[in-house]
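Taking it in order: structure first as structure tokens, then the write-up.
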Amino acid sequence: TDVLVCGGTGCTSSNSEKIIEKLQEEIARHGLEDEVNVVRTGCFGLCALGPIMIVYPEGSFYSMVQVEDIPEIVEEHLLKGKAVKRLLYKETVSEDGSIRSLSETPFYAKQRRIALRNCGVINPEDISEYIAVDGYTALAKVLKEMTPQEVIGVMKASGLRGRGGAGFPTGLKWSFAAANQADQKYVCCNADEGDPGAFMDRSILEGDPHTVLEAMTIAGYAIGSTQGYIYIRAEYPIAVKRLQIALRQSREKGFLGKNIFGSGFDFDIELRLGAGAFVCGEETALMTSIEGKRGEPRPRPPFPALKGLFQKPTILNNVETWANITQIILNGAEWFHSIGTEKSAGTKVFALGGKINHTGLVEVPMGTTLREIVEEIGGGVPNGHAFKAAQTGGPSGGCIPASELDIKIDYDNLTAIGAMMGSGGMIVMDDTTCMVDIAKFFLEFTVDESCGKCTPCRVGTRRLLELLTKITDGKGTLEDIDRMEELCYYLKENSLCALGQTAPNPVLSTLKYFRDEYIAHVTEHR
Ligand code: SF4
């Protein structure tokens, strides 16, 4: 019997470590150590129901488990074989009392897990569990059977686009860095996830760190680099710890270091911890920070593929992008391209939060509608309220109103309606939410996080917030709304980096769909 307990940040913060301790204690008390294997995994996705525990082989899914429940679960289930019904996730129990597979529940049925495939499945601190699910076979295939050009060809043909927000084609990015000659090149991973409400990258690193290490090594081979860096925010201690363990185990097995798989190819990876500045998620600021300098963006061009980290050709991809690479190598470009939409291949991970029943982490094929995510996977809006809008892409994104619930989510469709895929934060608002307040919340965040290097953003975001505050305080005028809109476009056009260029998005998209609420703020208070 295997008992899987979620060891992601969500469940850990609601006591899953104590649950594991108690489980081990009770298992020992009943002399079941040889029969029951307790595994600490990464996130299962259904964070709203944490702490989560699954007992295999039956797949009994226990939700909201408390330490006090453990003696009963061990005695009744592990010893006598009778599941503790009151703790089972009700969606997994059929009318006749039998256990339904998780994949048949509304939360999981429409999901397709590629980047999250190992999260909640393996112990991320044990490399042998990663190897048991084909870990490092993509790297072996690449080093033994493929040329660097072939690897890049597969990436290009797969249609994979960067999952960090901008959606730039990954294979193309790699090909630029491969084509530039230099004595050293670098491969970087952006794990500086900073959007409020986003936890996709953190969960992947907590649940499956080796997939990122393996993918970065493959990229090193493809572009001719021997050194990688993972830039991760220090606020992610569990992910940092698991990455450190994974790096050590990978080196011990010879998957990192000199002469990997006897191929003559050398590659290693170092961690760099960020101090929590949102702007360090911007690629040039991230590289400047790795160099040991203040994390401020640099003008582009030159682009990182030519002059990136330490002025050398560099590729930077985010965690979720990396988590797709080994599967593309193993299953082929056509397989990946067959999932999702024509211009947005594959899947996307979303951190679903806000006014939604199933808060958690979901991965769906591109082209899934917002309605399917909110109503079916997310279980709808709680307390009988109506869906009003979803904010995608955090402070740089925009809102999708109820009239667009049937939009098929991919990069281009979201951009067309003034929202943005962003890295994958998806915050649901109900009919009690004031959209002007939402815009103000995100703007306050960007004002705080503006690095101050360029005037349009440093001063412009503050002026924008002043106008918005005037409006929410009931002191604004209709002219203030127009002035604010004008300032938004000025900021978009003149800021140096994406933080400033996208900072007005929450204001612009709420203005587009909920202008009446702004007008009510300036007229109804008078
Ligand atoms: Fe810094 Fe904002 Fe200018 Fe970016 S746009 S460089 S965050 S001041």
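The values are calculated or read from the model by the stated rules, or taken from the named source; none is laboratory data. Remember, predicted model here, so these are calculated numbers, not experimental data. Here Cβ is always computed from backbone atoms with ideal geometry, including for glycine, and neighbour counts include all displayed protein chains. Areas reflect the complete protein model, heavy atoms only, side chains present, ligands, DNA and RNA absent. Shrake-Rupley method; radii C 1.70, N 1.55, O 1.52, S 1.80 Å.
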- Task: Give me the pairs, please: first residue somewhere in the range 453-474 and within 15 Å of Phe441 (Cβ to Cβ), second residue anywhere and near the ligand (Cβ under 7 Å from one of its atoms) and not in a helix (DSSP H, G or I), beta-carbon distance under 8 Å, and either six or more positions apart or on two chains.
- Result: Thr461/Ser450
- If you check every pair at least six apart or on different chains, which have Cβ atoms under 6 Å apart with a residue in the range 149-168 that is more than 13 Å from Ile218 (Cβ to Cβ) and part of a helix (DSSP H, G or I) first and a residue that is open to solvent by less than 10 Å² (accessible area, probe 1.4 Å) and of a type in the set (Gly, Ala, Ser) second? Lys156/Gly171
- Message: I'm checking my understanding of the structure. Among residues of the range 401-416 that are open to solvent by less than 30 Å² (accessible area, probe 1.4 Å) and in contact (Cβ under 8 Å) with a residue 40 or more places away in the chain, which one is farthest from Glu283 (Cα to Cα)?
- Response: Pro401
- Considering residues of the range 243-258 that are open to solvent by less than 10 Å² (accessible area, probe 1.4 Å) and in contact (Cβ under 8 Å) with a residue 60 or more places away in the chain only, the residue farthest from Met287 (Cα to Cα): Ser250
- Residue that is least open to solvent (accessible area, probe 1.4 Å) [pool: residues in the range 9-42 that are part of a loop (DSSP other than H, G, I, E, B) and within 14 Å of Met64 (Cα to Cα)]: Ser14
- Taking Leu46 as the residue in question, decide whether it is under 21 Å from Glu376 (Cβ atoms), in contact (Cβ under 8 Å) with a residue 24 or more places away in the chain, of a type outside the set (Asp, Glu) and touching a His at 6+ places or on another chain (Cβ under 8 Å). yes
- Message: Filter the range 384-399 down to the residues that are without any contact (Cβ under 8 Å) to a residue 40 or more places away in the chain and over 19 Å from the mean Cα position of the chain (by Cα) and list them by number.
- Response: Gly384
- Note on the structure: Reported set for the range 93-125 where residues are hydrophobic (A, V, I, L, M, F, W, C) and either touching a His at 6+ places or on another chain (Cβ under 8 Å) or free of Cβ contacts under 8 Å to residues at least 40 places away in the same chain (or both) is Val93, Phe107
- Filter the range 457-502 down to residues that are open to solvent by 60 Å² or more (accessible area, probe 1.4 Å) and at pLDDT below 95 and give me whichever is nearest to the ligand (Cβ to nearest atom). Asp473
- If you go through the range 423-444, how many residues are open to solvent by 10 Å² or more (accessible area, probe 1.4 Å) and over 22 Å from the mean Cα position of the chain (by Cα)? 7
- Message: Can you confirm whether Arg526 is open to solvent by 30 Å² or more (accessible area, probe 1.4 Å) and at pLDDT 95 or above?
- Response: no
- Quick one: count up the residues across the range 260-292 that are away from the ligand (no atom under 16 Å from the Cβ), open to solvent by less than 40 Å² (accessible area, probe 1.4 Å) and in a helix (DSSP H, G or I). 2
